[in-house]
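Working notes for the structure below.
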Amino acid sequence: MEIRSLKELYEQLLAEQGPSGWWPADSKEEILLGAILVQNTNWQNAAYSLMNLKALTDFSREKLVLLDQSTILDAIRPSGFYQNKSRAIFELLQWLKRWHFDYAAAAASFHQGLRQELLSLHGIGRETADVLLLYVFDQPVFVSDTYARRLFEKMTVSQSYPTYQSLSKTISNEQMAHFSLEEAQDFHGQIDEFGKRWLRGGDRFSESFLYDQKIKLEKKQ
């Protein structure tokens, strides 16, 4: 069976799995902290660091920007790579302070250049930048994370996606234009939920509801 669009793939995932509820957070401040903390670790370790930061600040913007890098470092040790992550969190918070944490104003200021601006910040790579665009700055983009690449390798003919960029360059803005913001956010969650169940460890894709289904992705010119 051929799936004709990303939207059709999303609808199948949603029908089988139900709403993902992703990203699990109560505020955008919690989301942006989690997006950095989860780098190169699992969500459980990131959650421990988030709990420490919540105990210090309750994720209050006013309290977060008063944290120095040393205090952040001590709080986030459970998530590993704490030297790099503490600097990334500190610099991102200071950058947002310039905009008074007005995410819409920051996005409007940079227009199409917001992703590049995020990438210029310490510790913000392509995946983290896209997560921030999707869940913090409310832009319906596609996140080409590890589970997404594994899924599309299974569902496309003779295609390999070894890097983040190798998949993301095939997903056009026109394809994502068919998604509402809420659907785009849920789509990322759906793919990760599918990946955790069917693509992790021993790889049980052949037992999944998407087995023998193919999707054709057109590369952007």
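The values are calculated or read from the model by the stated rules, or taken from the named source; none is laboratory data. It should be emphasised that the depicted structure is a prediction, and the values quoted were computed from it without experimental measurement. In this analysis, Cβ positions are derived from the backbone assuming ideal geometry, glycine residues included, and neighbour counts consider all displayed protein chains. These area figures cover heavy atoms from the full protein model, side chains too; ligands, DNA and RNA do not enter into them. Shrake-Rupley method; radii C 1.70, N 1.55, O 1.52, S 1.80 Å.
Hey, can you tell me all the residues within segment 31-81 that are free of Cβ contacts under 8 Å to residues at least 12 places away in the same chain and closer than 18 Å to residue 124 by Cα?
The answer is 42, 43.
Of the numbered conditions (1) open to solvent by 20 Å² or more (accessible area, probe 1.4 Å); (2) under 22 Å from residue 146 (Cβ atoms), residue 88 satisfies every one except a single condition; which is it?
Answer for residue 88: the failing condition is (1).
Would you tally the residues in segment 95-109 being surrounded by fewer than 13 Cβ atoms within 10 Å (Cβ to Cβ) and touching a residue at least 24 places away in the same chain (Cβ under 8 Å)?
So the answer is 1.
Residues of segment 128-159 being over 27 Å from residue 205 (Cβ atoms), assigned to a loop (DSSP other than H, G, I, E, B) and either without any contact (Cβ under 8 Å) to a residue 40 or more places away in the chain or open to solvent by 10 Å² or more (accessible area, probe 1.4 Å) (or both), which ones?
Passing the criteria: 137, 138, 139.
For residue 66, state whether it is open to solvent by 40 Å² or more (accessible area, probe 1.4 Å), under 26 Å from residue 186 (Cβ atoms) and at pLDDT 95 or above.
No; evaluated as a whole, the condition is false for this residue.
Which of the residues belonging to segment 160-196 are among the aliphatic types (A, V, I, L, M) and open to solvent by 70 Å² or more (accessible area, probe 1.4 Å)?
Matches in segment 160-196: 177 only.
Return yes when residue 199 is aliphatic (A, V, I, L, M) and open to solvent by 20 Å² or more (accessible area, probe 1.4 Å) and no when it is not.
When the stated conditions are applied, residue 199 does not pass them.
Give just the number: which of (1) modelled with pLDDT under 95; (2) closer than 30 Å to residue 105 by Cβ does residue 221 not satisfy?
Of the numbered conditions (1) modelled with pLDDT under 95; (2) closer than 30 Å to residue 105 by Cβ, the odd one out for residue 221 is (2).
Quick one: is residue 121 of a type outside the set (D, E, K, R), surrounded by 15 or more Cβ atoms within 10 Å (Cβ to Cβ), part of a loop (DSSP other than H, G, I, E, B) and on the phi < 0 side of the Ramachandran plot?
Against the criterion (of a type outside the set (D, E, K, R), surrounded by 15 or more Cβ atoms within 10 Å (Cβ to Cβ), part of a loop (DSSP other than H, G, I, E, B) and on the phi < 0 side of the Ramachandran plot), residue 121 qualifies.
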